[in-house]
Every structure is written in structure tokens, then in C-alpha cells.
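First the structure, in the form of C-alpha cells, and then the observations on it.
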């Protein structure tokens, strides 16, 4: 009850602040994000994991005629940096055996133990194809942001500890050395929780960029400001996807709610620079890729990793019939 009381209080405050704030003027997402690179070397877009609509936006971005002239690199969370040479060859258009390429995401640490299918619904393949039409000096590089763990050497949790607790530090170091030190520009794709600010205070990744004298731009994704509430009617006229710079708008002045303490901790403009509206909650989907790991070498290896990671490993391996389904359960 306390949580819903907080939501109601936030709604009342929303009405009051909305009367004073500037009208929201969301921009088409692709053009808005591209324009940011005129002023920023690093644009960080929080990912709503598995969301087809956001992944479609990423593919539209890199396929834009202007992208390669503005951006050098795409840095992603869901890829093991141990296999950067393999990823470089693939993105450059060279032949790479599927069993070698799959290691990039199957050995990703962040999703415990790896993911069964290529992340971001085909983004890597889209960038590879796009590069074939670009001159060598304009080709887009994809950088793997996750730590270089070698699962073949992992026998206990002690072998994982030097990597798992330092995922953000490693991600930031990839950007520092491969992007900033080379005076390049990058689009960063990483789970929103890794880049959102806390009451205006930058997270670890953003802070490391600031220490390197680089100010980045942070975009957080969503479908409404509060997951447990119906869509705010003021979003009804917004196209999806669209981007709104939040400072001074009714969106930016809404309170954020801590789901553990149920307290109003800050405002949305203190969480990120801009809000990426992906559409109503009910319109967002995941899936579309068919796989069954039972009886496969990767399935056997995944069970081994789970026995190391968990006191009570999951009983069932991931499986999908390839159907597209809602990203969120019905309310």
C-alpha cells in the first residue's frame, strides 16, 4: 500500500509541476540521437534488455546515411571482449565460422553464463552489411564491453570474482582506451541501470569519462514513467520512438520512486539527460528467435557454469519457439 501511496503522491505532484514546466517537444529518435554527436563524443543509450522496438531503433541508427560520418564505434554490453579480434573480423566482412562468432555472446558474463542467440536482434549483422558499402576510413567498429573471462579456465567462483564485480570498470576502460584515447566518437549501448544517475550523481561509467575530461550524454529508455501505472495521457500524442531532453519539461520534473524504499528520491531529469519513449507498455515485445539448448554442447556448458554460479542452479535450459511475445507481463 505504501508503494501505491507513493505513486498517487507522484501523480499529484506531476499535475502540479506540469503546470509550471515547459511543454514537452519530443524529437524523432534517429535524428535526435545523431544530432547529439555534433556536441558530444559519447552518447550513452540505456537498453531495455530484449526489447525488439529499441533494437530496431539501434539498427535504424547505424543504417542512417549520416551515422558513419558522425560515429566511429558502437560499444555494447552483451559481448565478451576476449573475442574482440573475432568480432572485428566479422564486422569487417571477413568470413568467420559461426561456432567462433557465437563465443562473443555465448561467453558473455553479464547474463549469467552467456546468451544463446546474437544480441540486439541482428544488430551485428546489420553493421557488417553497412560496412560493405562504406570506405575503409568510415567503417563502424563494434567494441565488446564485457570483461574478457575465459570460461574454459573457470572451475570455481574464485575464478569468476576478478571479472564479475568489475564489469562497469572494464566497460569504461574499453571506452577510454579504444574510443577516447584515439579521439573517436561512440554510441554506447548498455543496460539502463549502468548509466542512470542517482539524484543527479553520475554512475561509475560516466564518472570515469568525466575524469578523462569528457562529458557524455545519457538517454534512459521507457514506455511510461511508472511501470505499475497506466500510460500517462500526455504521452498519447508522442510518436515512438522519440527522444525528449528532459530538463525544464513536465517529464523531467516528475519524481522518481525507489522500488525498495518507495521513497521519492529525485526527479527524472536528475536520472538522465533525455528520455527515450519506446511506446506504450503493451506495444513492446521480445523474442522472435527460435532455439533449444537441450542436448547441445552449449547447453551442457551452461549447466556447468550455473553449478558454479548458483547454490540452486535453474532446472531448465533456455528455450524459445521463435514467437514474438510481450516484453512485460500483463498488469
(message) With at pLDDT below 95 and within 30 Å of residue 158 (Cβ to Cβ) as the only criterion, which of 255, 318 stands out?
(response) 318
(request) Quick one: residue 276 ticks every box in (1) at pLDDT below 95; (2) surrounded by 17 or more Cβ atoms within 10 Å (Cβ to Cβ) except a single one, so which number is it? (result) (1)
(message) Which of the numbered conditions does residue 234 fail, given that it passes all the others? Conditions: (1) modelled with pLDDT of 95 or more; (2) assigned to a helix (DSSP H, G or I); (3) more than 30 Å from residue 122 (Cα to Cα).
(response) (1)
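Specify the residue that is surrounded by the most Cβ atoms within 10 Å (Cβ to Cβ); the eligible residues are those in segment 287-313 that are part of a loop (DSSP other than H, G, I, E, B) and either in contact with a helix residue (DSSP H, G or I) (Cβ under 6 Å, 6 or more places away or on another chain) or in contact (Cβ under 8 Å) with a residue 24 or more places away in the chain (or both). Explain how you work it out, then say what you get.
Within segment 287-313, the first condition is being part of a loop (DSSP other than H, G, I, E, B), and the residues that meet it are 288-289, 293-296, 310-313.
From what is left, the residues that are either in contact with a helix residue (DSSP H, G or I) (Cβ under 6 Å, 6 or more places away or on another chain) or in contact (Cβ under 8 Å) with a residue 24 or more places away in the chain (or both) are 288-289, 293-294, 310, 313.
Details: 288: 16, 289: 15, 293: 18, 294: 10, 310: 11, 313: 15.
The qualifying residue surrounded by the most Cβ atoms within 10 Å (Cβ to Cβ) is 293.
Quick check on segment 214-224. Is at least one of its residues at pLDDT 95 or above, in a loop (DSSP other than H, G, I, E, B) and under 20 Å from residue 269 (Cβ atoms)?
Of the residues in segment 214-224, the ones at pLDDT 95 or above are 214-221.
Okay, now just the ones that are also in a loop (DSSP other than H, G, I, E, B), so 214-216.
Filter again for under 20 Å from residue 269 (Cβ atoms), leaving 215-216.
Scanning segment 214-224 turns up at least one residue that is at pLDDT 95 or above, in a loop (DSSP other than H, G, I, E, B) and under 20 Å from residue 269 (Cβ atoms).
Limited to segment 90-119, what total is found for residues that are under 22 Å from residue 134 (Cβ atoms), assigned to a helix (DSSP H, G or I) and either in contact with a strand residue (DSSP E or B) (Cβ under 7 Å, 6 or more places away or on another chain) or without any contact (Cβ under 8 Å) to a residue 12 or more places away in the chain (or both)? Lay out the reasoning, then the answer.
Residues of segment 90-119 that are under 22 Å from residue 134 (Cβ atoms), as a first pass: 90-96, 101, 104, 118.
Now drop any that are not assigned to a helix (DSSP H, G or I), which leaves 90-91, 101, 104.
Subsequent filtering for residues that are either in contact with a strand residue (DSSP E or B) (Cβ under 7 Å, 6 or more places away or on another chain) or without any contact (Cβ under 8 Å) to a residue 12 or more places away in the chain (or both) retains 91, 104.
Residues meeting the conditions: 2.
Could you go through segment 61-78 and let me know if any residue there is under 24 Å from residue 305 (Cα atoms), assigned to a helix (DSSP H, G or I) and touching a helix residue (DSSP H, G or I) at 6+ places or on another chain (Cβ under 7 Å). Break it down into steps so the answer makes sense when it comes.
First, pick out the residues of segment 61-78 that are under 24 Å from residue 305 (Cα atoms): 76-78.
Now narrow it down to the ones that are assigned to a helix (DSSP H, G or I): none.
No, that holds for no residue.
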(request) Within segment 123-155, work out how many residues are within 17 Å of residue 74 (Cβ to Cβ), outside any helix (DSSP H, G or I) and more than 20 Å from the chain's Cα centre (by Cα). (result) 4
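In segment 198-224, which residues are touching a residue at least 60 places away in the same chain (Cβ under 8 Å) and crowded, with 16+ Cβ neighbours inside 10 Å?
Step one: list which residues in segment 198-224 are touching a residue at least 60 places away in the same chain (Cβ under 8 Å), which gives 198-200, 205-206, 209, 214-223.
205, 206, 209, 214, 216, 217, 218, 219, 220, 221, 222, 223, listed by residue number.
Of the residues 244, 210, which single one is in a helix (DSSP H, G or I), at pLDDT 95 or above and either in contact with a strand residue (DSSP E or B) (Cβ under 8 Å, 6 or more places away or on another chain) or within 30 Å of residue 39 (Cα to Cα) (or both)? Even if it seems obvious, please write down each step before you answer.
Working: 244 fails: in a helix (DSSP H, G or I).
Going through 244, 210 in turn, just one is in a helix (DSSP H, G or I), at pLDDT 95 or above and either in contact with a strand residue (DSSP E or B) (Cβ under 8 Å, 6 or more places away or on another chain) or within 30 Å of residue 39 (Cα to Cα) (or both): 210.
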(message) Which of the numbered conditions does residue 111 fail, given that it passes all the others? Conditions: (1) under 30 Å from residue 164 (Cα atoms); (2) at pLDDT 95 or above.
(response) (2)
(message) Among the listed residues 97, 10, identify the single one that is at pLDDT 95 or above and either crowded, with 19+ Cβ neighbours inside 10 Å or over 15 Å from the mean Cα position of the chain (by Cα) (or both).
(response) 97
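Per-residue answers, yes or no, for (1) buried (at least 20 other Cβ atoms within 10 Å of the Cβ); (2) within 23 Å of residue 42 (Cβ to Cβ):
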{"residue": "71", "(1), (2)": "yes, yes"}
{"residue": "74", "(1), (2)": "yes, yes"}
{"residue": "77", "(1), (2)": "yes, yes"}
{"residue": "81", "(1), (2)": "yes, yes"}
{"residue": "93", "(1), (2)": "no, no"}
{"residue": "102", "(1), (2)": "no, no"}
{"residue": "113", "(1), (2)": "yes, no"}
{"residue": "117", "(1), (2)": "no, no"}
(request) Only one of these is modelled with pLDDT of 95 or more and touching a strand residue (DSSP E or B) at 6+ places or on another chain (Cβ under 6 Å): 82, 87, 57. Name it. (result) 87
(message) Which condition from (1) in contact with a helix residue (DSSP H, G or I) (Cβ under 6 Å, 6 or more places away or on another chain); (2) within 25 Å of residue 56 (Cα to Cα) is the one that residue 253 breaks?
(response) (2)
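The values are calculated or read from the model by the stated rules, or taken from the named source; none is laboratory data. It should be emphasised that the depicted structure is a prediction, and the values quoted were computed from it without experimental measurement. Note that each Cβ is placed from the backbone with ideal geometry, even for glycine, and that neighbours are counted across all protein chains shown.
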